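Only the coordinates and a few stated rules stand behind these numbers; no lab work does. Predicted, not measured: the structure shown is a model, and the values here were computed from it. Please note: Cβ atoms are built from the backbone with ideal geometry, for glycine as well, and neighbour counts cover all protein chains shown.
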Amino acid sequence: MSYKFYGHENSKILKNNSEYKGISTTLELYDLLNDIWCEYSCAPRLRKDWSLENKTVGQCSTTAFLVQDIFGGKVYGIPLEDGSFHCYNVVDGYVFDLTSEQFGNKKLEYKLENEQFREDHFKNEEKYLRYKYLCDELKKKLAKNI
């Protein structure tokens, strides 16, 4: 598979917990999520834009917090015109964004500003349920691979 997400060349980042056996790198996680991301896991306001050709649309915060669960680090946000944030990860000084492909060729500025916290994001129950969906589906996929 060819990888186009921002920071894919830093795939040597190793996970920091044993809960997700079968995942060692961000590339392996991306491959698994590529089969899990769906219209349901997409933010409701962006579902009209979601497609099989652009699976990462509306997946940023839930994916970024799942990445944090597995690899540690921090989640940051890029302010968007609508007042929301596009979330991405920083682990051991490496910046990467598993959902950057949704922006096509648009260049995003990854500054280490606007740290994002799951407590704030998951006050929105719908968002928390989408995050749980990603976690549960990932665990099911990993269980099948053992």
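Quick notes
- Neighbourhood charge, 11 Å Cβ-Cβ cut-off, centred on V57 and excluding it, Lys, Arg +1 and Asp, Glu -1: 0
- Structure-based [θ]222 nm, the chain - -39500 (n - 2.57) summed over DSSP H runs of at least 4, per residue, nearest 500: -9500 deg cm²/dmol
- Rounded to the nearest 20, the Cβ-based charge dipole of the range 39-112 about its Cα centre (Lys and Arg +1, Asp and Glu -1) stands at 100 debye.
- For the range 82-136, a crude dipole built from +1 on the beta carbon of Lys and Arg and -1 on the beta carbon of Asp and Glu, taken about the Cα centre, is about 120 debye to the nearest 20.
- Listed by chain and number, the aspartates and glutamates placed with their C-alpha closer than 20 angstrom to that of K141 are E19, E28, D31, D35, E39, D69; residues fewer than eight positions away on the same chain are left out.
- Links that overshoot a 27 Å alpha carbon limit, given the list K107/K139; K48/K144; K48/K74; K111/K139; K55/K140; K55/K106: K107/K139; K48/K144; K48/K74; K111/K139
- The chain: C-alpha gyration tensor shape, a/c 1.5 cut-off, then a/b vs b/c: rounded
- Here each label is just a point 7 Å from Cα along the line to Cβ, and for Y94 and S2 those points are 2.2 nm apart.
- Multiplying the residue separation of E53 and D136 by 0.36 nm and subtracting their alpha-carbon distance yields 27.5 nm.
- Positive-end residue, the range 106-146 charge dipole about Cα centroid, Cβ charges, pick of N124, L134, L112: L134
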